[in-house]
1. For residue 28, indicate whether it is loosely packed, with under 13 Cβ neighbours inside 10 Å, at pLDDT below 90 and within 16 Å of ligand 2 (Cβ to nearest atom).
2. Which residue is nearest to residue 397 (Cα to Cα), if the candidates are limited to segment 407-439 and must be among the small types (Gly, Ala, Ser) and surrounded by fewer than 19 Cβ atoms within 10 Å (Cβ to Cβ)?
3. So is residue 90 surrounded by 22 or more Cβ atoms within 10 Å (Cβ to Cβ) and more than 16 Å from ligand 1 (Cβ to nearest atom) or not?
4. Which members of segment 222-244 meet the condition of being modelled with pLDDT under 90 and either among the β-branched types (Val, Ile, Thr) or not in a loop (DSSP other than H, G, I, E, B) (or both)?
5. Select the strands (runs of 3 or more DSSP E) contained entirely in segment 84-191, then report the ones holding at least 1 residues which are within 16 Å of ligand 2 (Cβ to nearest atom), touching a residue at least 24 places away in the same chain (Cβ under 8 Å) and over 23 Å from residue 265 (Cβ atoms).
6. Of all residues in segment 93-112 being near ligand 1 (Cβ under 7 Å from one of its atoms) and not polar (S, T, N, Q), which is nearest to residue 214 (Cα to Cα)?
7. Of 191, 123, 195, which residue is farther than 25 Å from residue 214 by Cβ, out of contact with any helix residue (DSSP H, G or I) (no Cβ under 9 Å at 6 or more places or on another chain) and more than 11 Å from ligand 1 (Cβ to nearest atom)?
8. Can you pull out the strands (runs of 3 or more DSSP E) entirely within segment 294-359 that have at least 2 residues that are under 23 Å from residue 431 (Cα atoms) and hydrophobic (A, V, I, L, M, F, W, C)?
Amino acid sequence: MAKAKVMYVCNQCGAEYARWQGQCRQCGEWNTIEEVKLSSNASPARTVTRAASLAGFAGVADGKVENLSQVQIAQTVRMPTGYGEFDRVLGGGIVPGSVVLIGGNPGAGKSTLLLQTVCMLSSSTKVLYITGEESLEQVALRAQRLSLPTAQVRIGAETSIDNIIAVALQEQPAVLVVDSIQVMHVNDVDSAPGSVTQVRESAAALTQFAKRTGIAVFLVGHVTKEGSLAGPKVLEHCVDCSVLLEAGNDMRFRTLRCHKNRFGAVNEIGVFAMTDKGLHEIKNPSAIFLNRQEKVAPGSLATCVWEGTRPLLVELQCLVDLSQYGNPRRLSLGTDGNRLAMLLSVLHRHAGIQLGDQDVFVNVVGGVKIDGTSADVPLILALLSSFTERPISRTTIAFGEIGLTGEIRPVQSGLERLNEAEKQGFLRAIVPYDNAPRNKSKMGNLEIIPVRNIQELVDLV
Ligand code: TYD
Ligand code: MG
């Protein structure tokens, strides 16, 4: 028998080596190189991947080159998924022939989301759901429990990519769901399902298939403990959209976030609630992330962050407390810890307020993650409020960036944020001077208080 060829592949960047080594020379990661067995006939692994990477440029494959302006653009009609939140994350619906990867931790609700989506879609288009992890009966039970319309949904239990492609060619669905890519295998590569090669080749074969037939493919992908998608990084390279379904600290809510999108903007989020009747979209997320208690407590303040193309109102909470031990703790949940350390320094240096002997805790209500700099001003205000034990009114909102010299800098889409705050019934907004509307101190009922530097914030509190 011919000896099976062996190759070593980095599961982070996909670099290939002839022998094993501890560190990948290409991406510098340690312990990421895995053994991959190639079947003895030809080298299917490489041919499939190469073909797939060329699939996006189908026109070039037959040696034709043309002017970009002359390329025929087919009118792509996006298919709405039936969930407005999901559509927005995808950039306005499903693009035919696109490959979308849905990642998430176990139990995040990936299977539930896709099952609900295909059932909603089935009334208007042909859909095929392939389950590799659950049995047909399990899926049917869940659909029944969620009272989903299942009459038009075609479903199969299969883990061989070759069979899936054959079935899909026969069924000709508009949307194909493969749950999950980690249990799939390509017949002529003899390594175990879930290994780098299998994941890579399965995804490559499905991508090529999607591009050739115009069938939109959804792949479910697992996320490892470190938070990256299990399998090689090339998985994310070969798909058109990579979407993560995340469960916040508060397990009720799920946010759907796009990390890569060839057909729209990234950083859009969709918000869902996991209930006993499946996932429900939340059209007005600001309402749930704000803690609207009547009692005002020191240390909490609402802010408006920008998510993709829309504002989101969230509540920040800070607790400043005299440290019991020699080493004061700084802990931030939902915001950047390094930024907190920086802001504490700015507060000391430019406003003379020393929190060096205090424990500082920061939390964003509802398990939302804030990135970006617009939460600097509310963070400082909440810190000061907790430190001085002076509550800030519930109807106050703030946003703005703080620079290292203590100046307050404007943030993008200031006006839209103010509009959203006004719509939600806030009465006062503390904003960077450059974000305040000119010649106007009020927008509707919203009083606007422009600030220029950190000292003015201290004076306000
Ligand atoms: P599932 O879609 O199986 O997760 P994934 O495919 O991402 O691993 O979702 C499973 C979780 O969702 C499970 O922990 C239970 C919860 N769940 C509900 O709370 N209500 C429901 O109606 C459903 C279907 C699931
Ligand atoms: Mg699942």
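1. Values: loosely packed, with under 13 Cβ neighbours inside 10 Å: yes; at pLDDT below 90: yes; within 16 Å of ligand 2 (Cβ to nearest atom): no.
No: the conditions fail for residue 28.
2. Taking the candidates together, the pick is 425.
3. Yes.
4. So in segment 222-244, the residues modelled with pLDDT under 90 come out as 222-238, 244.
Matches in segment 222-244: 222, 223, 224, 229, 234, 235, 236, 237, 238, 244.
5. Details: elements: 99-104, 127-131, 153-157, 175-179.
Once the strands (runs of 3 or more DSSP E) in segment 84-191 are filtered for at least 1 residues that are within 16 Å of ligand 2 (Cβ to nearest atom), touching a residue at least 24 places away in the same chain (Cβ under 8 Å) and over 23 Å from residue 265 (Cβ atoms), what remains is 127-131, 153-157, 175-179.
6. Per the criteria, the residue is 110.
7. Working: 191 fails: out of contact with any helix residue (DSSP H, G or I) (no Cβ under 9 Å at 6 or more places or on another chain); 123 fails: farther than 25 Å from residue 214 by Cβ.
Result: 195 is the single residue among 191, 123, 195 that is farther than 25 Å from residue 214 by Cβ, out of contact with any helix residue (DSSP H, G or I) (no Cβ under 9 Å at 6 or more places or on another chain) and more than 11 Å from ligand 1 (Cβ to nearest atom).
8. Per the criteria, 300-307, 310-322.
The values are calculated or read from the model by the stated rules, or taken from the named source; none is laboratory data. Remember, predicted model here, so these are calculated numbers, not experimental data. Here Cβ is always computed from backbone atoms with ideal geometry, including for glycine, and neighbour counts include all displayed protein chains.
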